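Each reported figure results from applying straightforward, stated rules to the coordinates on display, with no laboratory input. Given the structure is predicted, the values throughout are model-derived calculations rather than measurements. Cβ placement follows ideal geometry from the backbone for every residue including glycine, while neighbour counts extend to all protein chains displayed.
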4 protein chains.
Amino acid sequence: MRVGVLTGGGDCPGLNAVIRAIVRRGVRDHGFEFVGYRDGWKGPLDDLTMPLGIEQCRGILPRGGTILGSSRTNPLKVDGGVDRIRENLVRDGVDALVVIGGEDTLGVATHLADLGVAVVGVPKTIDNDLSGTDFTFGFDTAVNIATEAIDRLHTTAESHHRVLVVEVMGRHAGWIALHAGMAGGASAVLIPEQPFDIEAICAHVETRFQTQYAPIIVVSEGAVPVEGGAMTVHPGEVDAFGHVRLGGIGDRLAVEIERRTGKEARTVVLGHIQRGGTPTAFDRWLATRFGLQAVDAVAEGDFGTMMALQGTKIVRLPLIEGTGALKLVSPEEYAEAQVFFG
Amino acid sequence: MRVGVLTGGGDCPGLNAVIRAIVRRGVRDHGFEFVGYRDGWKGPLDDLTMPLGIEQCRGILPRGGTILGSSRTNPLKVDGGVDRIRENLVRDGVDALVVIGGEDTLGVATHLADLGVAVVGVPKTIDNDLSGTDFTFGFDTAVNIATEAIDRLHTTAESHHRVLVVEVMGRHAGWIALHAGMAGGASAVLIPEQPFDIEAICAHVETRFQTQYAPIIVVSEGAVPVEGGAMTVHPGEVDAFGHVRLGGIGDRLAVEIERRTGKEARTVVLGHIQRGGTPTAFDRWLATRFGLQAVDAVAEGDFGTMMALQGTKIVRLPLIEGTGALKLVSPEEYAEAQVFFG
Amino acid sequence: MRVGVLTGGGDCPGLNAVIRAIVRRGVRDHGFEFVGYRDGWKGPLDDLTMPLGIEQCRGILPRGGTILGSSRTNPLKVDGGVDRIRENLVRDGVDALVVIGGEDTLGVATHLADLGVAVVGVPKTIDNDLSGTDFTFGFDTAVNIATEAIDRLHTTAESHHRVLVVEVMGRHAGWIALHAGMAGGASAVLIPEQPFDIEAICAHVETRFQTQYAPIIVVSEGAVPVEGGAMTVHPGEVDAFGHVRLGGIGDRLAVEIERRTGKEARTVVLGHIQRGGTPTAFDRWLATRFGLQAVDAVAEGDFGTMMALQGTKIVRLPLIEGTGALKLVSPEEYAEAQVFFG
Amino acid sequence: MRVGVLTGGGDCPGLNAVIRAIVRRGVRDHGFEFVGYRDGWKGPLDDLTMPLGIEQCRGILPRGGTILGSSRTNPLKVDGGVDRIRENLVRDGVDALVVIGGEDTLGVATHLADLGVAVVGVPKTIDNDLSGTDFTFGFDTAVNIATEAIDRLHTTAESHHRVLVVEVMGRHAGWIALHAGMAGGASAVLIPEQPFDIEAICAHVETRFQTQYAPIIVVSEGAVPVEGGAMTVHPGEVDAFGHVRLGGIGDRLAVEIERRTGKEARTVVLGHIQRGGTPTAFDRWLATRFGLQAVDAVAEGDFGTMMALQGTKIVRLPLIEGTGALKLVSPEEYAEAQVFFG
């Protein structure tokens, strides 16, 4: 059997661990051959392949990124894109395809599965906002990087009596902010699921300073103020010191807090360092097990499925679940972080 | 309500996070007062107390160890020990006790609960070998430390054509070896649950060297050879270089491999660095949530329970489960690591 | 003898290590008593003191920030400020003052020394731009944090075929960029000392992509384009995707590269995480030795001096050197980094 | 010009950084070709070569180990060894040889230089015990790893009231123990240069416990007791718990302290994790600059030299200096660490 593998979407620590596990188990226990498709869906679309065997996978377990490359190319938006993919799979003698990616990448996989292509999916989202799985790989790494940053900022906040706002990833779901905020001992955590009240935050800031402990506020990039919760700072504005401020919520929040409380506030936007580099042990373990299970699904002909973690077991779900409703932070889960607020 | 808190047994990253969460939520949301008992069961036995409030818990979240101190004192083995504890609890006006500890420490808690003392337990084992919970805090930290060590040893093994044996914790269960071995890309993982065959290991070593990649073998401290699997190296023996070798399995294994294959082998025994220092984000998150849930159990009068993680939920189990059957690595789970063997 | 200690200016890993060494040696070997002044020069100005003895210094060696607090208060800009300080020193019975700080903080110390106050200085600049000393503490920590970030970004750059621009600290001197760029394997390093040519950078970007390796560009916050080197992107502008871009050079550079080359470019601004948190071993060692030497200078009555590292020796220089000409990256040193450019 | 490169002796973080810098600068600025010799002196002895160009050096900067492999093969101890090397160099068309290694490896280089072979040396010792250079690469990495381990052990020592003995590398010189001990806040540091008095150490242990702070003792593997300083524990003995104890000084010290003070003591032997894995920023910077300077020396025909760091400058010394007197910790330097003792 000849199996194609591709990785699509944004970077996520653990991609190489998935690829390595697929190849090791596929070659060793199922006698498979592999074709590496380069740069996400661009690979099968333009027939960009690379050799993929045990040799190519040596030493990649601890490495970030993906040896296959990635892209955001969406063949559904390319005229005749799906047909070209099917033709290329046939031309390359590929019997089955393992697709590692997020909502968009798996959406294409689902479409191909509906057309009868033998596809198995491995979900990938650093944001951990996928229903059906307890965790996705890459998330633990992102949370640890954010937590270490918060650890570092505590002493600066305290020694210099400043408010520190840390903006982390999470456009739709606040998982990274929630976990890193709890783990880092942030005094407030703001997430997309729960619009924030700027007045309550400023009151919190004032209270913290009265007790001599400077506040650290962790905010998801997708957090928003409550309806009508008048933020007076708008993207692109010039602050009191004559600096232009970026449109990001972290920067706006810091300026707003300065204006309202008179306390110095600084923002740190963690950005891409959250999604690159070596994965944590948890992410390597999870990614490896997703890979093993995915290639077993191929061997068993269990197509149209994707892998998920439930408790400590890897299970297979219908592929469509990878593209369905987001897993959001519930009010109960958010309430846990609030214990440390104020 | 007045609540006592104690920590017993060996060190485990996350203990302070549990204490902090108990106190923050207890003071803020339940109006509790707290009494800190020092050095495990020695505290209530000898009435060694310390103040425990929000002030004492400032800044302890990222710190290893326990501000309460710990010991292995077992009051069940002290004449009249249990009675002294009950008297001291009364004297200190303590209405309920939160006990954070492993099998032995929770065993005493179970005994006291049977006698009608209002006790809630938080399980603690770095070895992750407790039934009923998916993970225990401290384990993720230990696995990450072991994985980082393996990462470091890879290049030495390869550049110097040596066998490297890494001995990790795990007297009865191989969880740390299994996870760190998979995450670190060890070529072989030896655990207590599956006695090892020294001949198969030496064959593995020879094969690895033929492909130019030096082997890294991760071994739990509790791993043993198969019945009759003749290890020729015994504790305390002098090796070929005139060095006395320790009784640990890691050292014995390295010498045995040297004798049988003629390849240089070195051992690294990670020891206490696996259980000290700052916890990972996962362990801080899990420990914090155990603490929140434990103090809620006290508030609800749900005594005789202990906390557990199932999926992403914190649940309460009967305290007796903390002292029951060990959670061992199953043959299926071990088989996953074997994919990378050979 | 009664010795006052203060820390001024921005955060810098190692401040606590200096304080601890001063106190340990002062108490143990010279029989000194200490007065802690809070929040930089604000302390002696407003007579804000705190107890400072061996007890206060327990456990602070690995901690970032400063237990004394800091501020940018400049008494030379306060009417009668210097007189108030001298009165408060007398009132507190302080015989000598150890001042730990950067150019501004040591400038005040120099002024006081000229007026006859018994002052010893310890230089502190994360930017490493102080003449007379090989290195300053905090710098090694900042460089390591920046290097780890670059390590993480490599895989993202390669897997996603993007340009990554990393903005590090360094307003006047490019030391952090130079060291982190060399250590992290950046393809280009831009520093304040050498205005950059945007066309050369874009040519570099094109070349790198032809060889399939995405470029990583490290830029000091104080880097500027060559005279007339037309940057078409200005602070506060809206980019091609409708995002407002910050005034920082990192963001402007990324947008400019995108415009000129059509390649996606992303910026990471490391900001405050470079100056908080636990110091590296080198910085703890250097800070400790500065502290020991500073209190010995007090004991010997060698006032008006500041500490410096020359080779592996700690020497004393006239305090004025801490406020004199900056130590800049020389063309020869910069040329070393250029070997990896292109 | 055709230049051979080899790495000999034990592992040391930064070897790959040296190789990469040599090749990058040699190819780019001097138009050199390179021949990689495998496994130290075994390479030129048995004519084991590998291609060495910019391609082979991609991505190796942050990696531990050496892509060239290493060994302890000493051609001076092989009949006709030196002649075989000279013949192979001629056969391979090698005009000059860059040798990266420690005392033994550079000893062979010196011998070859005396015979007229065009050799340049780069010193390599994790122990930092080479005269003529302020620091050697690899040392900073080892010190940071040891310091992080000590950081982790502090909380265990305190929470469990135990003595912790940390054995670090350093057979003849105590630099790693000195730096890591100072940086980690050890309460005592024992080095080969200053035989220790077991009674003073036990008195120190008792004193520490009276103040409630458990002691951490850092000991070089080469530390010895004072003449007649009766250690009652000998290699290979059985301790009070029936465990055979290794011959290492760390283990012997722990048992001795237990016997004399009745306090529980534990040993951690860091071993090979000190010399593997990714180098710190400092070591990458130093190794890179050694490499640049070494290949410049070749280009300038400045043979028989080795590189050294003096202050922040890389200088060239006669090769013989790499094999001369060891650089030992002076009494004055040791005294600095003693300030924190007791």
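Summary of values
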| quantity | calculated |
| --- | --- |
| Highest to lowest packing among B:21-32, A:192-203, scored as the average C-beta count within 10 Å | B:21-32, A:192-203 |
| Beta bridge orientation in the protein assembly as shown: antiparallel %, DSSP, nearest 5 | 25 percent |
| Restricting segment C:123-217 to trypsin sites (Lys or Arg not before Pro) in coil, as DSSP defines it, with at most 13 other Cβ within 10 Å | C:Arg171 |
| Chain D - Debye-derived log10 I(q)/I(0), Cα point model, q = 0.14 Å⁻¹ | -1.01 |
| About the Cα centre, charge dipole magnitude for the protein assembly as shown (Lys/Arg +1, Asp/Glu -1 at Cβ), debye | 0 debye |
| Residues D:Arg58 and B:Arg58, FRET efficiency given R0 of 45 Å [Cβ-Cβ distance, rounded to 0.05] | 0.40 |
| Greater than 26 Å apart at Cα, pairs in C:Lys327/D:Lys327; C:Lys124/C:Lys313; C:Lys77/C:Lys124; C:Lys327/D:Lys313 | C:Lys327/D:Lys327 |
| Cβ-derived FRET efficiency at R0 22 Å, D:Arg28 paired with D:Arg91, nearest 0.05 | 0.20 |
| MRE, 222 nm, helices only [DSSP H, n ≥ 4, -39500 (n - 2.57), over chain D, to nearest 500] | -12000 deg cm²/dmol |
| 18 Å reach of a label modelled at B:Met50, 7 Å along Cα-to-Cβ, counting backbone N of segment D:175-217 | D:208-216 |
| Between segment B:97-118 and segment D:108-142, the Cα center-to-center distance that results, in Å | 61 Å |
| Label-to-label distance, nm, for residues given as D:Ala325 and A:Val224 (7 Å Cα→Cβ offset) | 7.5 nm |
| Neighbourhood net charge (12 Å Cβ-Cβ; Lys/Arg +1, Asp/Glu -1) for A:His204 | 0 |
| Residue among D:Phe209, D:Phe303, D:Phe137 with the largest mean-square fluctuation in a Gaussian network model of chain D, springs linking Cα atoms under 10 Å | D:Phe209 |
| Exam field: D:Pro51 pseudo-label spacings to other copies (7 Å along Cα-Cβ), nanometres | 1.2, 7.1, 7.2 |
| Global form of segment C:140-275, assessed from the alpha-carbon gyration tensor, a/c cut-off 1.5 | rounded |
| Charge dipole magnitude, Cβ of K and R +1, D and E -1 - chain A, Cα centre, debye nearest 20 | 880 debye |
| Residue closest to axis [chain C; rotation mapping onto D; Cβ; Å] | C:Gly311, 3 |
| Check: segment C:140-275 dipole with +1 on Lys, Arg Cβ and -1 on Asp, Glu Cβ, in debye | 200 debye |
| Inter-copy label distances at A:Asp79 (7 Å, Cα→Cβ; nm, one decimal) | 7.9, 8.0, 9.7 |
| Ellipsoid semi-axes in whole angstrom, largest first, where each is sqrt(5λ) of the Cα gyration tensor of the protein assembly as shown | 41, 40, 38 |
| Net charge contributed by nearby residues that have their C-beta within less than 14 Å of B:Val27 (K/R +1, D/E -1) | +2 |
| Distance between modelled label sites at B:His161 and C:Thr312, nm, 7 Å Cα→Cβ extension | 3.4 nm |
| Other protein chain Cβ atoms within 10 Å, averaged over every residue that makes up D:175-186 | 4 |
| Per-residue ³J(HN,Hα) for segment D:48-55, Karplus 6.51 cos²θ - 1.76 cosθ + 1.60, θ = phi - 60°, Hz, x for Gly and Pro | 8, 10, 9, x, 9, x, 4, 4 |
| Cβ-Cβ FRET estimate between C:Ala200 and D:Leu115, R0 fixed at 35 Å, reported to 0.05 | 0.15 |
| 7 Å along Cα→Cβ, label-point gaps from A:Glu227 to other copies, nm, shortest first | 5.9, 7.3, 9.0 |
| Normalised contact order of chain A, rounded percent, pairs of Cα under 8 Å and 6 or more residues apart | 23 percent |
| Selected from D:His160, D:Asn16, D:Thr267, residue furthest toward positive end of dipole (chain D; charges at beta carbon) | D:Asn16 |
| Karplus-derived 3J(HN,Hα), 6.51/-1.76/1.60, for each residue of segment D:68-82, Hz, glycine and proline x | 8, x, 8, 6, 9, 3, 10, x, 5, 9, 10, 4, x, x, 5 |
| Alpha-carbon centroids, segment C:167-210 and segment C:293-340: separation in whole Å | 26 Å |
| GluC sites (Glu not before Pro) within segment A:22-123: DSSP coil, no more than 10 neighbouring Cβ in 10 Å | A:Glu55 |
| Mean Cα-pair separation over length for segment B:283-342, i.e. relative contact order, pairs under 8 Å, 6 or more apart, % | 21 percent |
| Relative contact order of segment D:1-149, defined on C-alpha pairs under 8 angstrom at six or more residues apart (%) | 28 percent |
| Around A:Ser220: net Lys/Arg minus Asp/Glu count, Cβ-Cβ under 15 Å | -3 |
